[in-house]
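The values are calculated or read from the model by the stated rules, or taken from the named source; none is laboratory data. Worth saying up front: this structure is predicted, and the values here are computed from it rather than measured. For neighbour counting, all protein chains shown are included, and Cβ atoms are generated from backbone atoms with ideal geometry for every residue, glycine included. For accessibility, only protein heavy atoms count, side chains too; no ligands or nucleic acids. Shrake-Rupley method; radii C 1.70, N 1.55, O 1.52, S 1.80 Å.
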There are 2 protein chains.
Amino acid sequence: MATQVNPPRGMRDFLPVDKRARERVLRVIRAAYEHHGFEEIETPVVEDAARLHAGLGGDNEKLAFAVMRRGLTVDDLRAAEAPLELADLGLRFDLTVPLARFIATHRSNLPPVFRAIQIAPVWRAERPQRGRYRQFMQCDIDIAGEPGITAELELLAATGDALTRLGIPDAFIRINDRRILFAALEHAGVAAEQHERALITVDKLDKIGREGVTEELAGRGIDGARLLATLDAISDLASAAAPPDDRGPLAGFDTAVLEPVRELLAAEVGIRLEFDPTLVRGMGYYTGPIFEIAHPELPFSIGGGGRYDGMIGRFLGQELPAVGISLGFERLVDLVELPAEAVAETVALLVDKAVEPADAVAIKRALVAAGQTVRMQRRTKNVTGLLAQLAASGATHFAFVRPGDTVDSLELKPIA
Amino acid sequence: MATQVNPPRGMRDFLPVDKRARERVLRVIRAAYEHHGFEEIETPVVEDAARLHAGLGGDNEKLAFAVMRRGLTVDDLRAAEAPLELADLGLRFDLTVPLARFIATHRSNLPPVFRAIQIAPVWRAERPQRGRYRQFMQCDIDIAGEPGITAELELLAATGDALTRLGIPDAFIRINDRRILFAALEHAGVAAEQHERALITVDKLDKIGREGVTEELAGRGIDGARLLATLDAISDLASAAAPPDDRGPLAGFDTAVLEPVRELLAAEVGIRLEFDPTLVRGMGYYTGPIFEIAHPELPFSIGGGGRYDGMIGRFLGQELPAVGISLGFERLVDLVELPAEAVAETVALLVDKAVEPADAVAIKRALVAAGQTVRMQRRTKNVTGLLAQLAASGATHFAFVRPGDTVDSLELKPIA
């Protein structure tokens, strides 16, 4: 009955070598964020279903795994009009909704400006495919309570530092501002009720190109050419030292909306920033600057974020400005180039069959007490093969343990 | 609408101060286990429902949170004959079932004797009460592939070391052996089909006392007095240097079954072992020695484990001996007395309102690059109050940042 036994579909186990590598990367990220004054918190992996499905998670809400109410009866099944009525909890699909709930819960115990680290898994019922998992890690930093652009700059600086420490200096950050997008839509004559729809289409620029976007917008009665021309002109304007005299498609456009992005672009934050007025970010809750972390060699983003000033208020009952950046750990971890780790001395004890277990363990304990990392191993006939195998699994030294040996009689030798 | 907003019932958030303390304790445990040659792995938080409900989790199976199948329709609800038919996944209720599944999945990539660390949350739908949570951490070590008592000794030594490093030297471990229990039941004339039931009653000794146990056993037609007298006599026998001539209630009892426990008791593992022949441990899958970690000041255990030689075979399709010990982290963390941690220098920058955000962040970045931990803070009028608050949240130094300041012009002062 040796059938194939696997973890649940779309999810992964981590063997020691993988777990070690992942934890090491997480330590580097955590240390960078802590140096920048952020503090780690933790929330349960599930949230009340009503909170998860409060309309703050965008499309991700639909991907939430639902946890069934306890004590359901068959009558409950018969009476339910939708499956979700049977769920009172759900696995979080991001770390932003739980953070907003956390801040609402603990506001009185947090500093006025709170800098949070969350390094934790999230779950989404994505269609399993290469590089997409149903459980994956996110590394979020958020600043709540600071309305000014200092918060954006601190987040960008912390993110830049983390990426530098991870050995990914080529990463850069695309920035835009939701207010620029809405001003552009208005300027291009897109009706207010079409704004969100239009943005969903603009967001596909990478995938379907300018023609595809123009065509899709035309299908909705939107002049896509005009909208894209507006966005192009905004791009030139924001990067220009001074507004040109002839503002072409932007005649009459109020450039005040560009100020925050200009201020971000002018600052030195330790990572290259690139203004991209076509950057949309899917989440409807963003209210100001938005970010997407990119890498020249990758066709997908490795993180993103933005300002979401209205969201915490949904739980807290009063407005609290907030801005955050999330690193997509699973995509990041493949890019990371950390210097080789100093190998801790690890002693393999090759224990003769005739040695009493208690004596072998006494020797092991003495070596551990002296600061060594120790693996016990029954001595096999093929010592050469055994040593090769032990070296591959990280052992650096070995010693034979024979009957009568004590820790003092051992001969520790390096594994060549 | 400022209503009470809480995490899900029976679950907890961790503020930075709590998260820091918990992570520190986990680091100490992880380091102890790693020094003893164990290696950390990770599995998804959910397992396929069929695996979780394979009868290996004892009573805990009933406490599993069920995750609903995706894409259910109302017709599915009508057709289901039990709520669990709607679930294809479940949150793990322990780390042993996932480990058994993990080993079955990855056997060919693991060493013949595999020493695993799992430090991870589990979920149980317990009735919420003081000290019982629906999400809680477990710290498990397991050795798979070693049939001999060396494995038990290594586990006990690693556990003793972890508890010592945590500053809990008074902890001790109750030990017994399932084979002793079954031999005692047989010797006391309890019918084989009554064995499991009788053990459930003996397990209540702490709660209902000898009289309660005798009474409950009598209700099942079992001679409780004789069973308890047998267990008492076994206790004396195991700790005696040599079997006495008159073996009283144990006349005819084959003492070979005591050998493994005697061998454990005779070894020095760095933590006190106490033989308790009435120790049962709830799980039916135990096949040999069983352990329960106790503390003189606590009425409940802080961990436990045992040998479960048949369990991995249920997934793997071939027998693989295994033994493990699990620390109950939530109960342990309150006992821990670690020396005060060296406080890392943390600089609070008190930034004047008139300072440009980009300039403030440039100063912050320069300090971080020099190895400091830095928190930015708007300067308020009441500097004394602000400094007191910053000191309480861990800041050790401060500097005012005024317009025109650079990192070189700052005056860093200790917070008195």
> Name the residues in the range B:41-54 that are more than 16 Å from B:ALA104 (Cβ to Cβ) and more than 7 Å from chain A (Cβ to nearest Cβ), would you?
Replying inline: B:ALA49, B:HIS53
> Right, A:PRO98: open to solvent by 40 Å² or more (accessible area, probe 1.4 Å) and either modelled with pLDDT under 95 or under 17 Å from the mean Cα position of the chain (by Cα) (or both) or not?
Replying inline: no
>> Here's a check for you: in the range A:43-52, which residue that is in contact with a helix residue (DSSP H, G or I) (Cβ under 8 Å, 6 or more places away or on another chain) and open to solvent by 10 Å² or more (accessible area, probe 1.4 Å) is farthest from B:ASP48 (Cα to Cα)?
In response: A:ARG51
> Mind checking which pairs have a first residue in the range A:179-203 that is under 16 Å from A:PHE291 (Cα atoms) and open to solvent by less than 30 Å² (accessible area, probe 1.4 Å) and a second that is part of a helix (DSSP H, G or I) and not hydroxyl-bearing (Ser, Thr, Tyr), Cβ under 6 Å, 6 or more apart or different chains?
Replying inline: A:ILE180/A:VAL257
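Yes or no, residue by residue, for (1) within 12 Å of another protein chain (Cβ to nearest Cβ); (2) among the basic types (Lys, Arg); (3) under 14 Å from the mean Cα position of the chain (by Cα); (4) farther than 22 Å from A:TYR308 by Cα:
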position: A:ALA125; (1), (2), (3), (4): yes, no, no, yes
position: A:GLN138; (1), (2), (3), (4): no, no, yes, no
position: A:ILE141; (1), (2), (3), (4): no, no, yes, no
position: A:ILE175; (1), (2), (3), (4): no, no, no, no
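Every residue, every condition in (1) modelled with pLDDT of 95 or more; (2) aliphatic (A, V, I, L, M), yes or no:
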site: B:ARG12; (1), (2): yes, no
site: B:ARG20; (1), (2): no, no
site: B:ALA31; (1), (2): yes, yes
site: B:GLU34; (1), (2): yes, no
site: B:GLU39; (1), (2): yes, no
site: B:VAL45; (1), (2): yes, yes
site: B:GLY55; (1), (2): no, no
site: B:ASP59; (1), (2): no, no
site: B:LYS62; (1), (2): no, no
> Which of the residues spanning the range A:367-383 are over 42 Å from the mean Cα position of the chain (by Cα) and more than 8 Å from chain B (Cβ to nearest Cβ)?
Replying inline: A:ARG379, A:THR380, A:LYS381, A:ASN382, A:VAL383
> Which of the residues that make up the range B:346-363 are charged (D, E, K, R) and open to solvent by 50 Å² or more (accessible area, probe 1.4 Å)?
Replying inline: B:LYS353, B:GLU356, B:ASP359
>> I'd like to verify a number: residues in the range B:60-115 that are facing another protein chain (nearest Cβ under 8 Å) and of a type outside the set (D, E, K, R), how many?
In response: 23
>> Checking A:GLY55 against (1) closer than 28 Å to B:LEU15 by Cα; (2) crowded, with 16+ Cβ neighbours inside 10 Å, only one condition comes out false. Which one?
In response: (2)
>> Condition check: within 14 Å of chain A (Cβ to nearest Cβ), over 15 Å from B:ARG179 (Cβ atoms) and among the basic types (Lys, Arg). Does B:ARG314 satisfy that?
In response: yes
> How many residues, within the range B:6-17, are at the interface with chain A (Cβ under 8 Å from one of its Cβ atoms) and open to solvent by 10 Å² or more (accessible area, probe 1.4 Å)?
Replying inline: 8
>> If A:TYR133 meets every condition in (1) of a type in the set (Phe, Trp, Tyr); (2) touching a Phe, Trp or Tyr at 6+ places or on another chain (Cβ under 7 Å); (3) facing chain B (nearest Cβ under 10 Å) apart from one, which number is that one?
In response: (2)
> Picking from A:LEU273, A:LEU250, A:LEU228, which residue would you name as being within 14 Å of chain B (Cβ to nearest Cβ) and either touching an Asp or Glu at 6+ places or on another chain (Cβ under 8 Å) or of a type outside the set (Gly, Ala, Ser) (or both)?
Replying inline: A:LEU273
>> Restricting to the range B:23-35, give me the number of residues that are out of contact with any Leu (no Cβ under 8 Å at 6 or more places or on another chain) and open to solvent by 20 Å² or more (accessible area, probe 1.4 Å).
In response: 6
>> I want to confirm something. Restricting to the range B:364-379 and keeping residues that are in a helix (DSSP H, G or I) and not hydrophobic (A, V, I, L, M, F, W, C), which single residue is surrounded by the most Cβ atoms within 10 Å (Cβ to Cβ)?
In response: B:LYS364
>> Quick check on the range B:136-154. Is at least one of its residues under 27 Å from B:ASP236 (Cβ atoms), assigned to a strand (DSSP E or B) and touching a residue at least 40 places away in the same chain (Cβ under 8 Å)?
In response: no
>> Tell me which helices (runs of 4 or more DSSP H) are completely within the range B:230-342 and hold 1 or more residues being open to solvent by less than 70 Å² (accessible area, probe 1.4 Å) and farther than 24 Å from B:ASN60 by Cα, or say none if there are none.
In response: B:259-266
>> With the structure loaded, tell me whether B:VAL355 is more than 8 Å from chain A (Cβ to nearest Cβ) and within 19 Å of A:GLY145 (Cα to Cα) or whether it fails that test.
In response: yes
> When both residues are 6+ apart or on different chains and their Cβ atoms are under 9 Å apart, which pairs have a first residue that lies in the range A:395-409 and is without any contact (Cβ under 8 Å) to a residue 40 or more places away in the chain and in the same structural domain as A:ALA362 (by TED's automatic domain parsing), and a second that is surrounded by 11 or more Cβ atoms within 10 Å (Cβ to Cβ) and part of a loop (DSSP other than H, G, I, E, B)?
Replying inline: A:GLY404/A:VAL355; A:SER409/A:ARG402
